[in-house]
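The values are calculated or read from the model by the stated rules, or taken from the named source; none is laboratory data. Please read these numbers as outputs of a predicted model, since none were measured by experiment. Using ideal geometry, Cβ is built from the backbone for each residue, glycine included, and neighbour counts are taken over all protein chains shown.
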């Protein structure tokens, strides 16, 4: 009868980072993925930004894991030739009443140990980014961009080297608690069923992480929050050199429609935030382009309506409902040997190496190797 020491459910950036961290000689690790490829959910539908960590409340997991994950991510990327660039970002105030929020973010950055942020005057901004419009800004030189796919491929390769096994097209149907282990019942896309026993389960199932947790008595409910993106064309790539973010909305739902740059220099706007019924609908309607144009035009005065067109979308698995206050990541052992990671949204990509180290500590009860 097949059995595993550890089974990781979900082969997104979090599941793969954990596999890379915990896999080692003599360990039997399964990674189960419902899709035909790894990282085809949340992990491949985001801005690919390496975040600074100034947004999240002091003492939260999001703050701590973002800051430590960022340091680690730059090290991993540099050492393993994973395409990335530390390009920096500006969080801009375009109205007098937003200046206070920029100052508050600076204070929060310092509390969270985010080094080297700087408040910029209109003149400083004009020197750094002559084509944008802002009264003041918070400059975060530590923010960057990374190829999420190359990062995931690196994690997967490292896990594979240590004999972790990734099984695609396999959906978890039910989990039963046994005396000292768990029995996982799965079904593949051909309709074949398979069950096996595992000593430990790590639930990194992203949008389905509440469903998996609730199979063994959890009580979680995720809200699906869609983020649409629009692409910018007909504008010289050199118009803007850094990521440009507006002042975020008060309730931490999202960071506001911002300008991102990918590694090829392509400019994009997004994501916005729309709570949706539970379905993976990634269509972006044509109506989004004029709305994004209106939003971004405040700080990107060179933008014309015809430069903006619908692009892609992602969905965040949020524990925070539309009218709730800030909700932190949940990373906890809810049952012996059953670790749930629920509500892992932004800054999950940045935090991934730190999340992996934390889970490893929980598994081994000692420092990660």
Determine, yes or no, whether residue 114 is in contact with a helix residue (DSSP H, G or I) (Cβ under 7 Å, 6 or more places away or on another chain), assigned to a strand (DSSP E or B), closer than 29 Å to residue 339 by Cα and modelled with pLDDT of 95 or more. no
Enumeration of residues in region 292-320 that are surrounded by 21 or more Cβ atoms within 10 Å (Cβ to Cβ) and part of a loop (DSSP other than H, G, I, E, B): 299, 300, 303
Of the criteria (1) under 17 Å from the mean Cα position of the chain (by Cα); (2) free of Cβ contacts under 8 Å to residues at least 24 places away in the same chain; (3) in a loop (DSSP other than H, G, I, E, B), which one residue 71 fails: (3)
Based on what the data block shows, is residue 289 in contact with a helix residue (DSSP H, G or I) (Cβ under 8 Å, 6 or more places away or on another chain), assigned to a helix (DSSP H, G or I) and outside the structural domain of residue 234 (by TED's automatic domain parsing)? no
I'd like the full set of residues that are closer than 23 Å to residue 139 by Cα and outside any strand (DSSP E or B), limited to region 226-250. 236, 237, 238, 239, 240, 241, 242, 247, 248, 249, 250
